[in-house]
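What follows is a short report on a single structure.
What follows draws every value from the coordinates through simple rules; no lab data is involved. What you see is a predicted model; the values in this text were computed from it and never measured. No Cβ is skipped: glycine too gets one built from the backbone with ideal geometry, and neighbour counts run over all protein chains shown.
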Amino acid sequence: MSTPLATPSPAAAPAAAPVLQVEGLARRYGDALVFRDVSLALRPGELVAVLGESGVGKSTLLNAIAGLDGIDAGRVVLAGHDVHALPEREQALLRRRSLGFVFQAFHVLPHLDVAHNVALPLLLLGRPDEARVREMLSAVGLAGFDARLPRTLSGGQLQRVAIARALVHRPALILADEPTGNLDPATAAQVLDLLVEATQREGAACLLVTHSRAAAERADRVLELTAGGVRAVVEPG
């Protein structure tokens, strides 16, 4: 009697190519070492947190990834481009197309209303899109806030504006620098929920640097930055 053929298990879907690949990154200021041998990778839809105390170089790391600060060794590949090998003008164009920024201090422009603040990345790319701006404002819970000025908003609402602005042009990578540092715990939790949801929905990767372990707990992976590199402190679930 013949043995039935086993049903072949379906092939696993190939992993998406990394949006960001950082290899052996090092930065010094004069004789002072900030960090060395930093290597990490992020894929679409993934949120990775980098923990570290104040002064360890978290913001310097983000600036180096974005090409806003120089590096002393290693390389940064963003959306297939070797950032630090590009001429300055090409770096700036890559940032406009492929990066979104969320900062602790919000960095909204006080003289522009909410809609115009969110629209800025699209305007810089020469792609105005009022429907997309409204879509993002609705996604972050600010539908109907188009004409409001920043001075009329709470801290949590300002950070929602910043998240909408960071995602409106559909960047490959979000860089978030202590985005909940100026918020009370309850508002911080709401903003983190929103950042996680929006990143996944838009298919972006997000690199979050923070000193808050509560914020890091929302990430898919957590790394710790030291002068000697990064190490995993929480394995993927």
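At a glance:
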read-out	value
Coil-residue GluC sites (Glu not before Pro) of the range 137-237, DSSP, other Cβ within 10 Å capped at 13	Glu217
Residue-count net charge about Asn117 - beta-carbon cut-off 15 Å; Lys, Arg +1, Asp, Glu -1	+2
Percent RCO, i.e. relative contact order, over the range 123-237, from Cα pairs under 8 Å lying at least 6 residues apart	20 percent
Backbone N within the range 89-106 under 20 Å of label point (7 Å from Arg148 Cα along the Cβ vector)	102-106
Rh by Kirkwood over Cα pairs, then Stokes-Einstein D for the range 37-161 at 1.002 mPa s and 20 °C, µm²/s	129 µm²/s
Estimated D of the chain in µm² per second, where Rh is the Kirkwood radius over Cα pairs and Stokes-Einstein applies at 37 °C, 0.692 mPa s	175 µm²/s
Efficiency of FRET between Arg43 and Ala131 - r from beta-carbon atoms, R0 30 angstrom, step 0.05	0.55
Charge tally in the Cβ shell below 10 Å around Asp146, where Lys, Arg are +1 and Asp, Glu are -1, Asp146 excluded	0
Förster radius 30 Å - calculated FRET efficiency between Gln21 and Ala92, Cβ distance, rounded to 0.05	0.90
The range 20-234 - charge dipole about Cα centre, Lys and Arg +1 at Cβ, Asp and Glu -1, debye rounded to 20	280 debye
Antiparallel DSSP beta bridges within the chain, as percent of all bridges there, nearest 5	50 percent
